Amino acid sequence: MKITHRIAFSPSAKPEPAALLAARGHAIAGPIAVVVLSADEYADLEPKLTRWRVGHLAQTHFTPAEHRDAHWSVLAARWDHGYPEPDDGDFGYLAATYDLSAYCSTCGVGARQNAPFRMTREPKWGKRGVLQLHWVVDEVFVTPDVHAACFEPHGVACRPVLDRRGRAELSSVVQLVAEERRPIRLDGIATETCGACGREKVPPDLSGFFPGFTEEPSAPIARTASWIGSVASAGQPVIVSAPIVKALLDSKVRGAVLTPMGARREGGRASPEDV
Ligand SMILES: [Zn+2]
């Protein structure tokens with residue numbers, strides 16, 4: 001596992017970090033400079049970058065062995081394909097897709113899906129096989145082929161996705177069904193309590209291995225019982241078991257982002273893998 005820190009800032013607005021990073025050999029160019037720092041270099045520079053208000057995004061890169069040794073992995077997609085429908089700027093998809101009786105609009109916790117998602121049109125998949133929708137942080141969609149090759153053999157069901165008006169099923173995309181919810185280890189993680197509903201939420205920017213389950217799911221696909229997100233967004237991420245990860249890697253499915261969960265066997269160290 002390797003952690004890097006991606007920073008982005010305007011060199012003309014912030015000349016101090018621009019000069020410091022240039023002196024350390026980083027290329028500073030364009031109206032927005034983007035620099036990727038190793039964990040060690042970031043730790044070295046963090047006090048100054050914080051003082052200069054240069055934000056950062058920590059990214060964790062896992063080795064192929066770490067992916068294959070994980071018993072469970074969070075499944076997400078590199079590609080956000082459009083917005084859930086109906087979308088007239090009023091988040092109409094919420095009432096169309098979820099039971100909102102336990103939903104809190106301040107923190108986003110509590111929505112339960114009770115109808116298929118709707119999309120504007122068939123996704124333009126290209127070579128990709130996995131997608132997510134903007135705003136919907138915890139649902140994963142795949143092509144019917146990827147479902148048949150990597151999920152169905154392991155007992156994972158899918159549900160249809162409808163067109164914008166909710167009348168016809170789209171033919172090139174399905175949603176993965178994950179119903180079982182299991183708690184995860186939260187010791188050492190600063191959760192946020194919502195001022196409106198009093199429920200807890202886990203910050204989304206955890207780096208390193210994802211916190212492991214405290215109770216193993218019985219199904220090959222599950223979700224965290226904890227809600228994860230920031231501001232008004234919250235979700236219970238989809239977690240898949242090792243045979244599904246193996247199927248995704250063996251089939252070279254493009255667009256999946258896998259984050260191994262905590263408890264694991266010791267694996268070797270190889271070059272980072274972009275799954
Ligand atoms: Zn709330």
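The values are calculated or read from the model by the stated rules, or taken from the named source; none is laboratory data. Predicted model, so just to flag it, every value in this text is computed and none were measured. When we count neighbours, we look across all protein chains shown, and the Cβ atoms used for this are built from the backbone with ideal geometry, even at glycine. In case anyone asks, the SASA skips ligands and DNA or RNA and just uses the protein heavy atoms, side chains included. Shrake-Rupley method; radii C 1.70, N 1.55, O 1.52, S 1.80 Å.
Quick notes
- Given (1) more than 16 Å from the ligand (Cβ to nearest atom); (2) open to solvent by 50 Å² or more (accessible area, probe 1.4 Å); (3) polar (S, T, N, Q), index of the condition T224 fails: (2)
- Pairs, first touching a residue at least 40 places away in the same chain (Cβ under 8 Å) and assigned by TED's automatic domain parsing to the domain that holds L75 in region 199-217, second among the β-branched types (V, I, T) and assigned to a loop (DSSP other than H, G, I, E, B), C-beta under 8 Å, six or more apart: R199/V109; K201/V109; K201/T191; P211/I189
- For region 127-170, the set of residues classified as farther than 23 Å from K252 by Cβ, outside any strand (DSSP E or B) and touching a residue at least 40 places away in the same chain (Cβ under 8 Å) consists of H134, W135, D163, R164, R165, G166, listed by residue number.
- Just so you know, in region 103-125 the residues that are in a loop (DSSP other than H, G, I, E, B) and either open to solvent by 70 Å² or more (accessible area, probe 1.4 Å) or polar (S, T, N, Q) (or both) include one that is farthest from the ligand (Cβ to nearest atom), and it is K124.
- When region 180-199 is filtered for residues that are open to solvent by 50 Å² or more (accessible area, probe 1.4 Å), away from the ligand (no atom under 16 Å from the Cβ) and among the hydrophobic types (A, V, I, L, M, F, W, C), only A190 remains.
- Test set (1) out of contact with any helix residue (DSSP H, G or I) (no Cβ under 7 Å at 6 or more places or on another chain); (2) at pLDDT 95 or above - A232 fails condition number: (2)
- Residue among V174, V202 that is over 27 Å from H61 (Cα atoms) and open to solvent by less than 50 Å² (accessible area, probe 1.4 Å): V174
For every residue, the table says whether it meets (1) within 16 Å of the ligand (Cβ to nearest atom); (2) within 24 Å of V142 (Cβ to Cβ); (3) in contact with a helix residue (DSSP H, G or I) (Cβ under 6 Å, 6 or more places away or on another chain).
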position: V173; (1), (2), (3): no, yes, no
position: A178; (1), (2), (3): no, yes, no
position: S207; (1), (2), (3): no, no, no
position: F210; (1), (2), (3): no, yes, no
position: P220; (1), (2), (3): no, yes, yes
position: A242; (1), (2), (3): no, yes, no
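- Filter pass, V174 being within 19 Å of the chain's Cα centre (by Cα), assigned by TED's automatic domain parsing to the domain that holds P243, closer than 25 Å to E215 by Cβ and part of a strand (DSSP E or B): no
- Answer from A96, A23 - the residue that is assigned by TED's automatic domain parsing to the domain that holds K246, at pLDDT 95 or above and among the small types (G, A, S): A96
- In this entry, E216 passes the filter for residues that are closer than 14 Å to P183 by Cα and at pLDDT below 95.
- Among the criteria (1) open to solvent by less than 80 Å² (accessible area, probe 1.4 Å); (2) within 30 Å of T143 (Cα to Cα), the one Y83 does not fulfil is (1).
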